[in-house]
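The values are calculated or read from the model by the stated rules, or taken from the named source; none is laboratory data. As the structure is a prediction and not an experimental result, all values here were calculated from the model. Cβ: placed from backbone, ideal geometry, glycine included. Neighbour counts: every protein chain shown. The protein model used for the area step is the full one, side chains on, heavy atoms only, and it has no ligands, DNA or RNA in it. Shrake-Rupley method; radii C 1.70, N 1.55, O 1.52, S 1.80 Å.
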Amino acid sequence: MKLDLHIITIKDIRFGERTLIQDGVLTINRDELRALLENDKRFERVEIEIARPGEKCRIIQVADVIEPRVKMGDDGAFGYSGKHQNTGEGETCVLRGAAVVLIDDRKGGDTASMDPRDHLIDMSGPASEVSTYGKTFNIVLLPKLKNGVTIPQFQAGLKLAGLKAAAYLAWAGRDLKADEVESYDLPPLTEVARGMEELPKIVYIPQVLSLQYEPVPGEPTLFGVQAGGILPTILHPNQILDGAVTSALPGLNVQTYRFQNHPIIQELYRRHGKELCFAGVIATIAPNNVFDFDRMANIAASLAKWVLGADGAVLTKTGGGAPELAMARTAQRCEQLGIRTSIAMLHMGADFKDAKFGASTIFSMPEVDAIVSMGFPFSNLVLPPVERVIGSDGVVWGGSSLEGEITQSLSSIYGALCQFGSTKWTAVRY
């Protein structure tokens, strides 16, 4: 299966009469995009804003970030466009440097007690330097909940709005000459190790959804549908890069943008045929009970050993405590079957008190002894005042203005940390 990503580099964005790309500038017909999104009857209206790198602008209450993409010669993306489409092969147009940012600014419901500053993007200052999305040209969607629509219905509609907008914007680049083409080519399982018999076969086992939160009915998370009930499933890595997996709400330090630009898959591809044989991906979910920890671990490890013939496995999680235990149990079961493992993790399950001693894990399994730390999310940054806030709707939190100086933890700065390792941070032991 071969996937070619035709990358158009975006250097600026603006609103105009037509949606088009000229000399790297993405012009957006705001009324046309708004009309497309307001066809969804779950919304009273949809507001659209843009934010550029360097602006003294703060985007708050961010729910997800999506890179604009669309299949060449079609209007589909993310395995969904009203009908199911294939992903992972053919040609996909990518607007690199642009991002669709989804805002969940509903009042009341389960957000009544939440700090609206959580999950923010600053377009200038220290938060912009550490976050991927402080350097992208952002198209910000602010759908407004219609009376009578439930919160889960709104959340599903919010994600679908982001996917529609991402495909709409990328459609403007489908006929342009690409600035760069990235190719990902991995043959079928029966052929993948041909000529590489001496290299170790490595699989990647990611969690694509955590059941520590109730899955949102109707939210597209795997091939356009909710993946809450899946068993461990073999995927071609190209399918993940091409939008088959989208980050479920709430995404704890995992955004759809990260799946689209998955650093571990890209690194395994880079080493394929040189240091290892990339044998495929086993997508799983993180259960919320001990019985299912074992069930998922046994199934995933068996697929890795007896179907893919893996010698080694890399594992990642999504979410906090329960996903960490589920990932560790899967790694332990792989080790018991003779598959050497390495896990990569943010220490979301650690207690705040651990900050003074360094990050820790909430499991202790002698077989699971190769751990790559993706960081500790509770360190703080002081963020300077801004001139504009998107997503606030006049909200003041704790008597202070959201435009003023605030202190935020890394976990609430969107794009500063990543469960997969896409980060600008490094750790130094003194």
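Listed by first and then second residue, the pairs linking a residue in the stretch 299-319 that is open to solvent by 10 Å² or more (accessible area, probe 1.4 Å) to a residue that is polar (S, T, N, Q) and modelled with pLDDT under 95, with Cβ atoms under 7 Å apart and 6 or more places separating them unless they lie on different chains, are 314/342; 318/207; 318/210; 318/419. Condition first: more than 16 Å from residue 93 (Cα to Cα) and open to solvent by less than 60 Å² (accessible area, probe 1.4 Å). Can you find one or more residues in the stretch 170-187 that meet it? For the stretch 170-187, residues more than 16 Å from residue 93 (Cα to Cα) and open to solvent by less than 60 Å² (accessible area, probe 1.4 Å): present.
Being touching an Asp or Glu at 6+ places or on another chain (Cβ under 9 Å), of a type outside the set (A, V, I, L, M), over 30 Å from residue 273 (Cα atoms) and open to solvent by 20 Å² or more (accessible area, probe 1.4 Å), is that true of even one residue in the stretch 201-214? No, because not a single residue in the stretch 201-214 is touching an Asp or Glu at 6+ places or on another chain (Cβ under 9 Å), of a type outside the set (A, V, I, L, M), over 30 Å from residue 273 (Cα atoms) and open to solvent by 20 Å² or more (accessible area, probe 1.4 Å). Of the residues making up the stretch 252-287, those that are over 19 Å from residue 220 (Cα atoms) and out of contact with any helix residue (DSSP H, G or I) (no Cβ under 9 Å at 6 or more places or on another chain) are 263, 264, 267, 270, 271, 272, 273, 274, 275, 277. Looking at 318, 330, just one residue is in a loop (DSSP other than H, G, I, E, B), within 21 Å of residue 228 (Cα to Cα) and at pLDDT 80 or above, and that residue is 318. When residues in the stretch 241-251 are screened for being in contact with a helix residue (DSSP H, G or I) (Cβ under 8 Å, 6 or more places away or on another chain) and surrounded by fewer than 24 Cβ atoms within 10 Å (Cβ to Cβ), 1 of them pass.
Taking residue 293, is it surrounded by 20 or more Cβ atoms within 10 Å (Cβ to Cβ) and either within 17 Å of the chain's Cα centre (by Cα) or part of a loop (DSSP other than H, G, I, E, B) (or both)? So residue 293 does not fit the description; no. Just to be sure I understand the filter: pairs with C-beta atoms under 8 Å, separated by 6 or more residues or on different chains, first member in the stretch 195-224 and farther than 16 Å from residue 344 by Cα and touching a residue at least 60 places away in the same chain (Cβ under 8 Å), second member surrounded by 24 or more Cβ atoms within 10 Å (Cβ to Cβ) and acidic (Asp, Glu). Which pairs pass? From residues that are farther than 16 Å from residue 344 by Cα and touching a residue at least 60 places away in the same chain (Cβ under 8 Å), there are no pairs. For the stretch 125-152, taking the residues that are part of a helix (DSSP H, G or I) and among the hydroxyl-bearing types (Ser, Thr, Tyr), the one that is most open to solvent (accessible area, probe 1.4 Å) is identified as 132. Residue 381 meets the conditions (1) open to solvent by less than 40 Å² (accessible area, probe 1.4 Å); (2) at pLDDT below 75 in every case but one. The failed one is (2).
Within the stretch 253-275, which residues are over 16 Å from residue 242 (Cα atoms) and of a type in the set (Lys, Arg)? Passing the criteria: 270, 271, 274.
Pairs linking a residue in the stretch 148-168 that is touching a residue at least 12 places away in the same chain (Cβ under 8 Å) and under 20 Å from residue 259 (Cβ atoms) to a residue that is surrounded by 23 or more Cβ atoms within 10 Å (Cβ to Cβ) and of a type in the set (Ser, Thr, Tyr), with Cβ atoms under 8 Å and 6 or more positions apart or on different chains, are 159/246; 162/256; 163/246.
For the stretch 343-378, a residue qualifies if it is outside any strand (DSSP E or B), touching a strand residue (DSSP E or B) at 6+ places or on another chain (Cβ under 6 Å) and modelled with pLDDT of 80 or more, and exactly one does: 370.
I'd like the residue in the stretch 182-223 that is within 16 Å of the chain's Cα centre (by Cα) and of a type in the set (Val, Ile, Thr) and, out of all such residues, is modelled with the highest pLDDT. Out of the qualifying residues, it is 205.
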